[in-house]
1. Give the number of residues within the stretch 67-108 that are assigned to a helix (DSSP H, G or I), surrounded by fewer than 13 Cβ atoms within 10 Å (Cβ to Cβ), in contact with a helix residue (DSSP H, G or I) (Cβ under 9 Å, 6 or more places away or on another chain) and among the polar types (S, T, N, Q).
2. Against the condition surrounded by fewer than 21 Cβ atoms within 10 Å (Cβ to Cβ) and either among the aliphatic types (A, V, I, L, M) or on the phi < 0 side of the Ramachandran plot (or both), how does A21 come out, does it pass?
3. From the list A21, A4, exactly one residue is outside any helix (DSSP H, G or I), aliphatic (A, V, I, L, M) and within 22 Å of E128 (Cα to Cα). Which is it?
4. Could you list all residues from the stretch 251-282 that are within 12 Å of ligand 1 (Cβ to nearest atom) and hydroxyl-bearing (S, T, Y)?
5. Give me the pairs, please: first residue somewhere in the stretch 336-357 and more than 20 Å from S425 (Cα to Cα) and not assigned by TED's automatic domain parsing to the domain that holds T376, second residue anywhere and modelled with pLDDT under 90 and assigned to a strand (DSSP E or B), beta-carbon distance under 7 Å, and either six or more positions apart or on two chains.
6. Could you look through the stretch 210-230, keep only residues that are farther than 30 Å from R170 by Cα and part of a loop (DSSP other than H, G, I, E, B), and pick out the one that is farthest from ligand 2 (Cβ to nearest atom)?
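The values are calculated or read from the model by the stated rules, or taken from the named source; none is laboratory data. Keep in mind that what you see is a predicted model, and the values were worked out from it rather than measured. Every residue, glycine among them, receives a Cβ derived from its backbone with ideal geometry; neighbour counts consider all protein chains shown.
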Amino acid sequence: MKVAKFGGSSVASAEQLKKVARIIESDESRRVVVVSAPGKRDDADTKVTDLLIELGQAFQNGEDTTDELNAVLSRFKQIITELDLTDRVLKDIKEDVHKLFTEGGDIDFKLEALKAIGEDSLAKVLSEYLVKVGMDATYLNPKDAGIMLSDEPGSAQILDESFDHIYNIRKRDQIVVIPGFFGYTKEGKLVTFSRGGSDITGSIVAAGVEAELYENFTDVDSVYCVNPQIVHNPKEITSLTYKEMRELSYAGFSVFHAEALIPAFKAEIPVSIKNTNNPNALGTIIVSRKEVRGDPVVGIASDKGFMSLYVSKYLMNREVGFGRRLLNILEDEGISYEHTPSGIDDLSVIIRENQMDEEKEQVVINRINQELNPDTVYTERGLALIMVVGEEMHCHVGTAAKAAQAIGDAGVNIEMINQGSSEVSLMFGIKEAGVKKAVQSLYNAFFE
Ligand SMILES: Nc1ncnc2c1ncn2[C@@H]1O[C@H](COP(=O)(O)OP(=O)(O)O)[C@@H](O)[C@H]1O
Ligand SMILES: N[C@@H](CC(=O)OP(=O)(O)O)C(=O)O
């Protein structure tokens, strides 16, 4: 049994949904299908999830919501008209939205339920279309699928007990179409994963049903060794390990959600990245172990939006508990951190900028000054991280030197270097403005 997930680009229009139906029909082991909400049809378009977020914001601000609701309805109207389906889904959307706007309840959970309407409606549309073209298919709500999540709106996590429930999907003899991106808490409240989270649903369902393969259909022929939006026509990666993909997706390979690998990895289910627009292309396979190739680097990822919090104090190395107290301050202020590169008398904490606005930054700096009495404390915004990744790095001499040289050749200053003890990746912190030049130069050094 295979689980096939189709992303926003694969379900953006009636034309795309016809391709999806052909893909499902062409392999009878594709029995479980997970879908996103309709994504962008072109660069200027808006994802349905973003339209729903705008609808929620208008409602929360007490504004007229007619235009925002019509924008969502018209996306679905166009799809069902072109597929010649009933207008049942439009009625459901209107009813669901009306209920959410008029019944009592917590606003945060209403906003969550609104956000999920895109995936939910698309799953209904696709199952109806599959039946219309002759397949035995049915819609399955995440609650009935057994997808139980933690009570963390917008960043929910799977509860372990879900997997036993999800296994029961195997017993169904129809093709089931499950909306991605959301599930339910034990109390029955709808909660979503973080953005792009349909990949997570697909991985959870694949682990739950013990699938032979988790296929993730998107709009590129494979995972490329660098983001194709940065380097023109980069080399394809045919296979990589979970560890490598985890590092790369964390650092900007948005083709697969960084949190989506864990369920498939734990259940040892191979993940295949395929193109809905070119399903015969080989794609990329992600597995636990791959043959030794002799290449130290498989991919180079980059992500913007980081900042560093720099703290120095003479004899920091001898002050017991200094690091713990610093991180405690961040914990108290509800800030998560990414990395902590350190020297003898100094420590930098790398944080995503959206974790700490200017106001919070002042609170944190004041507390550090009062509670830790440092020599210096300051922040630097506008940082990017570049991650050079490859499992074979540990048996190659000189990879770090080659990477640093390539960044230097691009005329970009390295602000920070970090290498994890697992030696799967090398991380460089640079100013955001230098990302394109540095990535192109690294690509030339390792792949050309
Ligand atoms: N290294 C990479 N390899 C392939 N695609 C990448 C990479 N890094 C970023 N991307 C981008 O990821 C996009 C696919 O992800 P996404 O838009 O989330 O797809 P979907 O709509 O299927 O969920 C590609 O169109 C590509 O621009
Ligand atoms: N629709 C949701 C979830 C998702 O996975 O979407 P996409 O497949 O378009 O990345 C979002 O936009 O966040």
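1. Of the residues in the stretch 67-108, 1 are assigned to a helix (DSSP H, G or I), surrounded by fewer than 13 Cβ atoms within 10 Å (Cβ to Cβ), in contact with a helix residue (DSSP H, G or I) (Cβ under 9 Å, 6 or more places away or on another chain) and among the polar types (S, T, N, Q).
2. Considered against the rule, which asks whether it is surrounded by fewer than 21 Cβ atoms within 10 Å (Cβ to Cβ) and either among the aliphatic types (A, V, I, L, M) or on the phi < 0 side of the Ramachandran plot (or both), A21 comes out as yes.
3. A4
4. S254, T276
5. Here the result reads none, with nothing in the stretch 336-357 linked to a residue that is modelled with pLDDT under 90 and assigned to a strand (DSSP E or B).
6. C225
Residues checked against (1) touching a residue at least 12 places away in the same chain (Cβ under 8 Å); (2) away from ligand 2 (no atom under 16 Å from the Cβ):
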residue: E247; (1), (2): yes, yes
residue: A260; (1), (2): yes, no
residue: A264; (1), (2): yes, no
residue: N277; (1), (2): yes, no
residue: N280; (1), (2): no, yes
residue: S288; (1), (2): yes, yes
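Condition check ((1) of a type in the set (S, T, N, Q); (2) crowded, with 24+ Cβ neighbours inside 10 Å; (3) within 28 Å of S425 (Cβ to Cβ)) across all residues:
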{"residue": "I158", "(1), (2), (3)": "no, no, yes"}
{"residue": "R172", "(1), (2), (3)": "no, no, no"}
{"residue": "I175", "(1), (2), (3)": "no, no, no"}
{"residue": "G188", "(1), (2), (3)": "no, no, no"}
{"residue": "R195", "(1), (2), (3)": "no, no, yes"}
{"residue": "D199", "(1), (2), (3)": "no, yes, yes"}
{"residue": "A207", "(1), (2), (3)": "no, yes, yes"}
{"residue": "T218", "(1), (2), (3)": "yes, yes, yes"}
